[in-house]
1. If you take the residues in the range 19-71 that are at positive phi and within 13 Å of the chain's Cα centre (by Cα), which one is surrounded by the most Cβ atoms within 10 Å (Cβ to Cβ)?
2. For the range 2-18, give me each residue that is outside any helix (DSSP H, G or I) and loosely packed, with under 15 Cβ neighbours inside 10 Å.
3. On the basis of being within 29 Å of ASP115 (Cβ to Cβ), without any contact (Cβ under 8 Å) to a residue 12 or more places away in the chain and acidic (Asp, Glu), does ASP30 make the cut?
4. Here's a check for you: in the range 102-112, which residue that is at pLDDT below 75 and either within 20 Å of ASP78 (Cβ to Cβ) or of a type in the set (Asp, Glu) (or both) is surrounded by the fewest Cβ atoms within 10 Å (Cβ to Cβ)?
5. Can we say ALA21 is in a helix (DSSP H, G or I), under 23 Å from GLU116 (Cβ atoms) and in contact (Cβ under 8 Å) with a residue 40 or more places away in the chain?
6. If I ask for residues that are surrounded by 10 or more Cβ atoms within 10 Å (Cβ to Cβ) and at pLDDT below 75, which ones from the range 115-134 would you list?
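The values are calculated or read from the model by the stated rules, or taken from the named source; none is laboratory data. Not measured: the values here are computed from a predicted model. Positions of Cβ are backbone-derived with ideal geometry, glycine not excepted, and every protein chain shown enters the neighbour counts.
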Amino acid sequence: MLRAAGLRVTAPRVAVLEAVAAKPHSTADDVAGMVRQTLGSVSTQAVYDVLRACVDAGLIRRIEPAGSSARYETRIADNHHHVVCRNCGRIADVDCVVGESPCLHHTKVDGFEVDEAEIVFWGTCNECRAGGTA
């Protein structure tokens, strides 16, 4: 994947991709912790640099729900959305939204041609509802 994207294959890059694939919607700090378990010592800045390079190369996707740190995932080949728990912050994937609601149909606005929509649903996850923390 790295070579196909024009990136050199390095141990930190491989470890970051593996970490993001293993735990989607991880923060950079989460990824850094997983990479350190694999490689030992690696700087947080190095992890941020790898994440940025992989996002720029189209290997991973960066999402940033309101009030949350940036999160990273490897599910990039489709147009999917996310749902965020208002209580614990857990994030899950939601397949592409379809339907007739007017808000799902875009129009050209002030010279913009819309090519992507980012939709975030908010709610309370099953674990928080079951634990009474909703």
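1. HIS25
2. If the condition is that a residue be outside any helix (DSSP H, G or I) and loosely packed, with under 15 Cβ neighbours inside 10 Å, then ARG3, ALA4, ALA5, GLY6, ARG8, VAL9, THR10 are the ones that fit.
3. No.
4. The qualifying residue surrounded by the fewest Cβ atoms within 10 Å (Cβ to Cβ) is HIS105.
5. Yes, satisfied.
6. Scanning the range 115-134 gives ALA117, THR133, ALA134.
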